[in-house]
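Peer 1: First the structure, then my questions, so here it is.
The values are calculated or read from the model by the stated rules, or taken from the named source; none is laboratory data. Predicted model, so just to flag it, every value in this text is computed and none were measured. The accessibility values were calculated without ligands, DNA or RNA, using every heavy atom of the protein model including side chains. Shrake-Rupley method; radii C 1.70, N 1.55, O 1.52, S 1.80 Å.
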Amino acid sequence: MPSGIIFCNGHTWKQQRRIAITSLRKLGLGKKSIEHQIEDAAQTLVEIFRQTKGQPFDPSFSVLNAISNVICVLSFGHQFDLEDENFQKLVQALKIFLNFIGDSFQVMYDLFPQLMKFLPGPHKKALASVDIVLAFAKQEIEKHKESHSLHEPQDFIDYYLLQMEKSRNDPNSTYNEENLAQCIFDFFGAGTDTTFATLKWALLLLTNHPDIQEKVQKEIEHVFSFSGSISYQDRKKLPYTNAVIHEMQRVKYALLYGVPRKSTKDVKMRGYHIPKGSVIVPDLRSVLLDPEQWETPEKFNPDHFLDKDGKFIDREEFLPFGMGERTCVGQQLARIEIFIFLTSLLRAFSFRLPEGVKELNEAPVAKMTMHPHPYKLCAFPTQA
């Protein structure tokens, strides 16, 4: 039976989603507590970029490390040193698994799981990487059980163990260690890859569009100068920056299609009969790139989110996190991460094309998550 949040449904899904949303809210999502941790991760990333001294480099590994550490803070209550051997094993396992998603071997595995168990291929490595992430989560769960900090919960594991304790005598409870480990895996799988892809697209687009990059930097400098931290609430003071971030997520939507769902009953919709049990794949890209909704749907154009006075417009056609009851659990976390990481990087650097490169490739690598092709850029400090 499926566990966790993403591929679960019914009673189990309701309980796992509820504890995830409640915990994230209590951990201060949208308040200062989690933002401080994200700001720390962003400043670590700034220092790593600074070490490149303006030479061409691939930002992807450093960005993946930073985002993975944010999920570690939420799940386990602490970041890991980037040199930590176990943390690097976790990140490598995530990379292997995420590269496998959307691969033709994954499709074959989903269709013929019993047969594929006996055949060689990348699915073997991907399944082993899942075990590594789950083992990492279970190791942290054991440490939390030993520390007895349930009455002062500091992270998702603490809140979940507390809920397990409260529900101990409830025969209908689905709160257990297997679901807890799977929820953490879901956080890493869903919460890392899409934000990772979005930030890689953001750096690529800003490098390809120096005029837009400069306009964002000027707005940040005008409002904040080069001192003091920027919080997520400050996006209201930065309408152009906010518009650029939304437009990046629209024009380079991180997924090939929305997460598949299953109809729980027979439904009639616009004359079509959808039988109970049908798998429904939402094509969010059709909305995000709809020529009837967007003036230049295929073009990176921040004006899509600005009115004639330059004020930010929140548009209902902006659906990268889905909609309805199964909208992305971590959408608020992703919004905070993307905003803080990008504003921190753009205050510190101007991103430029390497010498001899006319433009970075804006075509995606078509998999379940739409990453850009590997690229290199140069980060030049904006201040001494």
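Peer 1: In the Gaussian network model of the chain, springs joining C-alpha atoms below 10 Å, which of D283, D81, D170 carries the largest mean-square fluctuation?
Peer 2: In this elastic network of the chain, the residue with the biggest mean-square fluctuation among D283, D81, D170 is D170.
Peer 1: Probe radius 1.4 Å, ligands and nucleic acids ignored: give me the carbon and sulfur share of the accessible area of the chain as a rounded percent.
Peer 2: It is 54 percent, rounded to a whole number.
Peer 1: Is the range 236-384 rounded, prolate or oblate when judged by the Cα gyration tensor, a ≥ b ≥ c being the square roots of its eigenvalues, rounded requiring a/c under 1.5 and prolate requiring a/b larger than b/c?
Peer 2: prolate
Peer 1: Tell me the angle of helix 239-251 to the major Cα principal axis of the chain, expressed in degrees between 0 and 90 and rounded to the nearest ten.
Peer 2: 60 degrees
Peer 1: In terms of Cα to Cα distance under 19 Å, which aspartates and glutamates are near enough to K276, apart from those fewer than 8 places away along the same chain?
Peer 2: D266, E325
Peer 1: Aspartates and glutamates within cross-link reach of K89: Cα-Cα under 14 Å, excluding same-chain residues under 8 positions apart?
Peer 2: Within the straight-line cut-off, K89 pairs with D81, D131.
Peer 1: Follow-up. If you build a Gaussian network model of the chain, linking Cα atoms that sit under 10 Å apart, which residue out of G356, G271, G191 swings the most?
Peer 2: Its mean-square fluctuation being the largest, the pick is G271.
Peer 1: Roll a 1.4 Å probe over the protein chains and send me the accessible area per residue for the range 220-321 in Å².
Peer 2: Each residue of the range 220-321 exposes 60 Å² on average to a 1.4 Å probe.
Peer 1: Using alpha-carbon positions, what is the distance between the centroids of the range 331-384 and the range 236-275, in Å?
Peer 2: Each part reduced to its Cα centre gives a spacing of 23 Å.
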